[in-house]
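Structure first, commentary second.
Nothing in this text is a laboratory measurement; each read-out follows from the coordinates by a stated rule. Just so we're clear, the structure is a prediction, and the values are computed from it rather than from any experiment. With ideal geometry, Cβ positions are generated from the backbone for all residues, glycine too; neighbour counts draw on all protein chains shown.
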Amino acid sequence: SYSKHKRGAYMTTMASKDTSYSPKVQKRTLKGHRQPVLCISHPGDHAKYSSNTDAHHPSLLLSGSEDGTARLWDLRTRKTAYCIIAPTIENEPNDVTAVAFHPSIIEEGQSSGDSSDTNISTSRMDCMVYASSGTNVYGYDLRTCTGPIIKTPHLDLSPSFQCQDEINQLSFSFPKSNKDGGRNYQLAAVDDCGEVHIPSECIPQSIVSQQSPISVKHTVLHHAEPGSHTIASSAVFRPRVNGMYVASGGTDCMVKLFDVSKPKRATSSIHIKPAESENTTQICNPPFIHSLQWSPSGRLLAAGVGDGSCVILRGEGNRLVEIGRLGYDEGGHGSAVAAVCFPGFGSSVSTSKPTSSAEAEDRLLISAGNDGKILFWDLGGNMVDGDAMDPLLYLGGCNDVNQGAKEKDNELQNATEAMKSTTISSKKSKGKNKKKGKANNQHKAPTDDDLFLDDLLPSPPKVLFQIPHRHKPNWITCSRASSDALPSSVFVADTTNDISIYSMLTS
């Protein structure tokens, strides 16, 4: 058992056929839940979209389970700090199906530079967390807790949401400044009725800040068409845009984009067609949307699809455009993709020239499939334009991204010079039979060789490596490195009672 190893077990990852990169990964396990873990959340889920890349709590993890509890974990000791018991309501299951940290933990949290302590101080657990059970949403202010077991929620937000069926995901919006200089956040709950519910008033970051009674006014985004019985499985707010937009996906094989200020109709709808593949599993399974996540820049939207593929869409104003598909033929999954995640690992690497563009993180995508594999994708330059970094620059353990970039540039320059040399030699041989002294046209159109050189610069999407997890996943999330004790990690909740942690070890 991995739990017998104090420092965790080392795993051998599998490099893809397109790259020889196979990093060393350390596996650890969180044990405590008595039934399968359905959902997990890390403060870094929101931190990768924040301009303050240091302000988050890297030592915490929140999980929800079929056993009717949510647990706050201390990742340094791998033990439960708080166990939250969901209220039992007659004729309703008390599975905890979705959990989330209030984003104020990012803005007001201590800097990750304080994370060298052996144990987490009590103040580092001063946060507000939210959990859903059945059709209900509860808030827990950990500042007021006097013991490790919490039975009564501090806030019952269920009247604000008015969900009619089981909730599948809780998603926080991105901050909007108010008149007092504070920041306001909205919370969306997506349910089995095919609806996304967003309370009109802002979600409190503590029970002290909740001065007035909970309002019942709320906005409903109808992902499902009337009478379609569609389940909406995922809904996420779009970061780094003016206005408030929500992307949703469900069992109607549709991805939709909504402007919350105009909720009656989606501004964009994309029907995901079945993948064309030689894999019979992909042909038989419909392309239900299981998971959605925006890239750190907010330009790309990844969808985990039931036919085993990951669909990549680009946000263009209030529209979505499908720009690529990562399927079995590209080295992808052999069965449904249950979860996708843009990890934001690159922001943890020291650089001599800081990158201000959030696009730098857009190329690395992680997907988890029912085939038990966790795949690390490089979306490549063909799909991600702008200032996106090659993920191998930081996954390879480079201490300085700029040094790694120089090495990559040198390799590319050498290859380009070699190609130019070959092209020039070819042109010289072709010109031997031409008359000497003939004037050359300085404005001639580019040749096939010139176009071929341009095509060498971008790169297609590819699998960098995979982790053989061997269990069907329910949820994945990630945290970027904050110290040697807390390296960049992937957290996986699956059909077992445990949570797996895969930590990326630098060379």
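Summing charges over all other residues whose Cβ lies under 10 Å from the Cβ of Ser479, with Lys and Arg as +1 and Asp and Glu as -1, gives +1. Taking packing as the residue-averaged number of other Cβ atoms within 10 angstrom, the listed peptides 24-34, 482-492 run from highest to lowest as 482-492, 24-34.
Cross-link pairs exceeding 28 Å between alpha carbons, from the set Lys31/Lys462; Lys176/Lys262; Lys24/Lys256: Lys31/Lys462; Lys24/Lys256. The peptide list 85-97, 239-251, 184-196, put in order of mean Cβ contacts within 10 Å with the highest first, becomes 184-196, 239-251, 85-97. If you plug the beta carbon distance of Glu225 and Arg143 into 1/(1 + (r/R0)^6) with R0 = 56 Å, you get a FRET efficiency near 0.80.
Net charge near Gln164: determine it from the other residues with C-beta under 9 Å of the C-beta of Gln164, scoring Lys and Arg +1 and Asp and Glu -1. Its environment carries a net charge of -4. Pairs with C-alpha atoms separated by more than 22 Å, drawn from the list Lys27/Lys472; Lys48/Lys373; Lys48/Lys151, are Lys48/Lys373; Lys48/Lys151. For a paramagnetic label modelled on Tyr21 (point 7 Å from Cα along Cα→Cβ), amide N atoms under 14 Å away belong, within segment 462-489, to 462-467.
Please compute the net charge surrounding His223, taking Lys and Arg as +1 and Asp and Glu as -1 over other residues with Cβ under 9 Å from its Cβ. For residues surrounding His223, the net value is -2.
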